[in-house]
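Written below as structure tokens is the structure these notes are about.
The values are calculated or read from the model by the stated rules, or taken from the named source; none is laboratory data. It should be emphasised that the depicted structure is a prediction, and the values quoted were computed from it without experimental measurement. FYI the Cβ positions are ideal-geometry reconstructions off the backbone, even for glycines, and counts take in every protein chain you see.
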Amino acid sequence: MKADKDLPNTDPSEPNKVGSDIFYKVDIVVIGAGQAGLSAAYHLKKEGIEPGKGFVVLDDEFAPGGAWQHRWDSLTLNNVNGINDLPGMGFADAINMKDKELQANFAIPKYYEQYEKAFELPVIRPIRVIDVTERHGRFIIRTNGVQFSARGLINATGTWKTPNCPRYPGWEKFQGRQLHTGEYKGAQEFVGKHVIIVGGGISAVQLLGEVSKVTQTTWVARRSPDFRKYEFTPELGREAVAMVEKRVREGLPPNSVVSVTGLPITPAIEGMLKNGVLDRKPMFDEITETGVRWADGTTLDADVIFWNTGFLHSLDHLTPLKLMNDKNGIEMSGKLATQVAKDPRIHLTGYGPSASTIGANRAGRAAAKELIEFLEL
């Protein structure tokens, strides 16, 4: 983390001390340095907000790259599900795009690192935000290091740090291994084991295809993905995003974009359908010591239960602000639905319609511009 002398000075004309803690005052704090956070930082600087004194970016990683640095080793530039250029510097300008076999968990963090340096963005790491509260009309950002006070907040924490693993009855009894997508490194770790892969999203299908090539698999999901024979176009993407956006503007919990678009039948999926790999079993009701059991008494033994059940939005640190409504959602407003309707000083990027690389990029720009305008900076 940067030394205290590199941090913005406090302004003695306003309260900057709570108890024994000194809070470094800025106009805007960006939490998270992934795609959305870096996009927001770029546009804040472009609009004239001074890096370091006007805004800072707090990141809990030890190095640039956001969630990409934790992706599995077999995910290469050849099969990654889309890389969107950050504003002002294209991915191809930083990384040799001809090498499609480069690991995504190496290439994309390298891109982010070059991006932060090129635009001299004020990213402070590693620093973890514990909670955000309000005092005297300012946000108090309490961390495991230096404390901050800000007039506005752009939250860009994404979802990677909050895996969603539904705790089925008997979870603690299972004597084999359980893991989530976020812990996966490669299919070779499962050789010789029977793996139950749980989930109906794109990650579950992709990793089912990968793991099934080296060992025995069983696919379990509440419902099968909506496989469609179509080419995914920008028009279809915009329609899907609009449907998700409608939900968050109504204060409802966001659905994933894939739940709206379905999954296009690629050559890889065609092969899996033909080979019976996508022979889905319904969701089991209970986990046993040696596997799983369905309601009709049918059992299945397995060595590994691999949960590809998605992620939740990492928003626990914002709990003191009481943004969630009784629908278990957050009502959003603003041009791209990044602005919290309850408190326009707060923007959530990577939430709802901006939960994609393209969406996060545009959301970062909208959040920066709208927040500057609202705060009259």
- request: Inspect all residues belonging to segment 43-52 and state whether any of them is in a strand (DSSP E or B) and touching a residue at least 12 places away in the same chain (Cβ under 8 Å).
  value: yes
message: Between Ile124, Ile130, Ile95, which is over 19 Å from Ala363 (Cβ atoms), modelled with pLDDT of 90 or more, surrounded by 14 or more Cβ atoms within 10 Å (Cβ to Cβ) and not charged (D, E, K, R)?
response: Ile124
query: Among Gly199, Gly182, which is under 18 Å from Trp160 (Cβ atoms) and surrounded by 23 or more Cβ atoms within 10 Å (Cβ to Cβ)?
result: Gly199
field: Number of the condition not met by Ala156 [criteria: (1) buried (at least 22 other Cβ atoms within 10 Å of the Cβ); (2) out of contact with any Ser or Thr (no Cβ under 9 Å at 6 or more places or on another chain); (3) assigned by TED's automatic domain parsing to the domain that holds Gly359]
entry: (2)
message: Being assigned by TED's automatic domain parsing to the domain that holds Gly34 and not in a loop (DSSP other than H, G, I, E, B) is true for just one of Gly271, Gly329, Gly364, Gly350. Which residue is that?
response: Gly364
query: When the residues of segment 223-249 are filtered to those that are in contact with a strand residue (DSSP E or B) (Cβ under 9 Å, 6 or more places away or on another chain) and surrounded by fewer than 18 Cβ atoms within 10 Å (Cβ to Cβ), which remaining residue is modelled with the highest pLDDT?
result: Arg249
statement: If you go through Glu172, Glu189, Glu183, the only one that is more than 26 Å from the chain's Cα centre (by Cα) and without any contact (Cβ under 8 Å) to a residue 24 or more places away in the chain is Glu172
task: Go through (1) free of Cβ contacts under 8 Å to residues at least 12 places away in the same chain; (2) more than 21 Å from Ala368 (Cα to Cα); (3) part of a helix (DSSP H, G or I); (4) of a type outside the set (Val, Ile, Thr) and name the single condition Ser203 misses.
output: (1)
query: Just to be sure, is Val257 at pLDDT below 95 and either of a type in the set (Val, Ile, Thr) or more than 18 Å from the chain's Cα centre (by Cα) (or both)?
result: yes
query: From the residues in segment 298-323 that are at pLDDT below 95 and assigned to a loop (DSSP other than H, G, I, E, B), which one is nearest to Gln178 (Cα to Cα)?
result: Asn308
- prompt: Within segment 156-169, restricting attention to residues that are more than 27 Å from Val340 (Cβ to Cβ) and of a type outside the set (Ser, Thr, Tyr), which residue is nearest to the chain's Cα centre (by Cα)?
  reply: Cys165
message: So, Ile372, is that one in a loop (DSSP other than H, G, I, E, B), among the β-branched types (Val, Ile, Thr) and at pLDDT 90 or above or not?
response: no
- prompt: Could you say whether any residue in segment 55-73 is in a loop (DSSP other than H, G, I, E, B), of a type in the set (Phe, Trp, Tyr), surrounded by fewer than 17 Cβ atoms within 10 Å (Cβ to Cβ) and at pLDDT 90 or above?
  reply: yes
